[in-house]
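Structure record follows, encoded as structure tokens.
The values are calculated or read from the model by the stated rules, or taken from the named source; none is laboratory data. Owing to the predicted nature of the structure, the values given are computational and were not obtained by experimental measurement. Quick reminder, even Gly has a Cβ in these numbers, built from the backbone with ideal geometry, and neighbours come from all protein chains shown.
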Amino acid sequence: MIKVLITGGAGFIGSAMAEKIAQDPKVEVHIVDNLVTGSEVKVPDMPNVFFHHCDVNRYDEIAKVFSERSFNYVFHYAALVGVQLTLKQPVKVLEDIRGIENLLVLSKVSGVKQFLYSSSSEVYGEPVEFPQNEHTTPLNSRLPYAIVKNVGEAYIRSYHKEFGLDYTIFRFFNTYGPKQSKDFVMSKFIAAALKNEDIPIYGDGTQTRTFCFIDDNTDACFAAFHSKKYLNDVINVGGNVETKIIDLAKLVIDITGSSSKIQFLEPLKEGDMTRRLPDIAKMSAILKRPPIALESGIKKVLENTAYIL
């Protein structure tokens with residue numbers, strides 16, 4: 001029996017990845033989550049999925065989970081997330097470095113075969129190159145959340161170099177889907193539109209993002225994991241269509257048939273980058289199908305809005 005640990009598995013992307021991996025009955029999936037931003041409701045109800053209420057930043061708690069199991073693979077998705085939350089609690093964000101250290105130490109001593117890490121587009125900071133390539137675009141953000149992700153990447157590479165621990169790093173760009181919490185741009189816009197409430201936009205809405213439907217994210221990450229194609233490498237995981245935030249709001253209003261109006265707020269003082277557009281050549285090579293179009297993805301979210309209303 002192959003045993004996989006997924007930290008942050010009660011969160012949006014972590015739970016979706018757990019469900020994807022657990023489709024193989026020969027794999028035992030163990031989820032750990034402190035439920036600060038995750039919810040046990042999102043944990044897949046499957047016979048080979050097991051939940052542990054645990055904080056990876058506390059060595060005694062996560063070491064106990066490792067001592068009771070022998071994991072073959074670790075997916076580290078646990079993190080304090082959300083722009084507003086991470087800006088308000090920068091010291092709390094930096095504590096996640098302890099979780100990275102704890103997991104790498106335990107993975108090394110227990111013989112984990114591969115460490116798969118959810119990094120973020122935030123590591124790129126303000127754009128200097130388009131599309132943003134994994135190996136040529138500088139990692140220049142100074143925000144605590146991005147620093148933690150960058151430090152995590154450095155730790156992982158160092159553990160590979162010194163101890164031979166294999167890894168794959170996923171840099172996630174805006175991922176959305178039915179189970180996403182209401183604190184993120186897509187779910188926030190959809191929730192407001194369904195209630196015919198004003199849709200808030202920071203600044204003039206000309207800042208751009210790309211949007212990746214959750215199935216594209218998990219399919220690409222699973223393919224990378226299963227094929228080992230990007231072993232000891234980093235891969236952008238995101239959409240390839242650059243969209244202005246104001247255009248996203250208008251699209252959501254149109255698809256939902258809402259009477260919502262766009263409300264322009266003062267720009268964020270930090271953390272709201274002007275543009276994002278990943279180079280997804282690696283992702284495309286393993287996804288082996290076109291990514292789900294933005295309009296189609298929004299309609300899929302509207303089929304299940306329980307998590308964002």
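Do we find a residue being surrounded by 15 or more Cβ atoms within 10 Å (Cβ to Cβ) and farther than 18 Å from GLY111 by Cα anywhere in region 62-76? Within region 62-76 (the criterion being surrounded by 15 or more Cβ atoms within 10 Å (Cβ to Cβ) and farther than 18 Å from GLY111 by Cα), the answer is no, since none of the residues qualifies.
Would you confirm whether any residue within region 182-196 is within 23 Å of ASN240 (Cα to Cα), small (Gly, Ala, Ser), surrounded by fewer than 19 Cβ atoms within 10 Å (Cβ to Cβ) and outside the structural domain of GLY14 (by TED's automatic domain parsing)? No, because not a single residue in region 182-196 is within 23 Å of ASN240 (Cα to Cα), small (Gly, Ala, Ser), surrounded by fewer than 19 Cβ atoms within 10 Å (Cβ to Cβ) and outside the structural domain of GLY14 (by TED's automatic domain parsing). Taken over region 266-282, the criterion of being surrounded by 15 or more Cβ atoms within 10 Å (Cβ to Cβ) and either over 23 Å from the mean Cα position of the chain (by Cα) or not aliphatic (A, V, I, L, M) (or both) is satisfied by GLY271, ARG275, ARG276, PRO278, ASP279, LYS282. Checking each residue in region 21-71 for being over 22 Å from the mean Cα position of the chain (by Cα), under 14 Å from THR7 (Cα atoms) and among the hydroxyl-bearing types (Ser, Thr, Tyr) picks out only TYR59. Taking GLN89 as the residue in question, decide whether it is surrounded by fewer than 22 Cβ atoms within 10 Å (Cβ to Cβ) and either of a type in the set (Phe, Trp, Tyr) or within 21 Å of LEU231 (Cβ to Cβ) (or both). Spelling it out, it is not the case that GLN89 is surrounded by fewer than 22 Cβ atoms within 10 Å (Cβ to Cβ) and either of a type in the set (Phe, Trp, Tyr) or within 21 Å of LEU231 (Cβ to Cβ) (or both). The set of residues from region 135-164 being surrounded by fewer than 16 Cβ atoms within 10 Å (Cβ to Cβ), within 25 Å of VAL241 (Cβ to Cβ) and at pLDDT below 95 comprises PRO138, ASN140. On the stretch given as region 141-184, residues that are out of contact with any helix residue (DSSP H, G or I) (no Cβ under 7 Å at 6 or more places or on another chain), closer than 30 Å to THR305 by Cβ and part of a helix (DSSP H, G or I) total 0.
Residues are listed down the side, and each one gets a yes or a no for (1) surrounded by 18 or more Cβ atoms within 10 Å (Cβ to Cβ); (2) touching a strand residue (DSSP E or B) at 6+ places or on another chain (Cβ under 8 Å):
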position: ALA223; (1), (2): no, no
position: VAL234; (1), (2): yes, yes
position: ILE253; (1), (2): yes, yes
position: PHE264; (1), (2): no, yes
position: SER284; (1), (2): no, no
position: VAL301; (1), (2): yes, yes
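Checked against (1) under 23 Å from GLU134 (Cβ atoms); (2) touching a residue at least 60 places away in the same chain (Cβ under 8 Å); (3) part of a helix (DSSP H, G or I), ALA193 passes all but a single condition, namely (1). Picking from residues in region 76-134 that are modelled with pLDDT of 95 or more and either basic (Lys, Arg) or assigned by TED's automatic domain parsing to the domain that holds SER187 (or both), the one that is farthest from the chain's Cα centre (by Cα) is LYS108.
Taken over region 106-124, the residue count meeting the criterion of being part of a helix (DSSP H, G or I) and farther than 16 Å from THR7 by Cα is 7. Checked against the criterion of being assigned to a helix (DSSP H, G or I) and either of a type in the set (Phe, Trp, Tyr) or surrounded by 17 or more Cβ atoms within 10 Å (Cβ to Cβ) (or both), the candidates LEU103, LEU80 yield just one match: LEU103.
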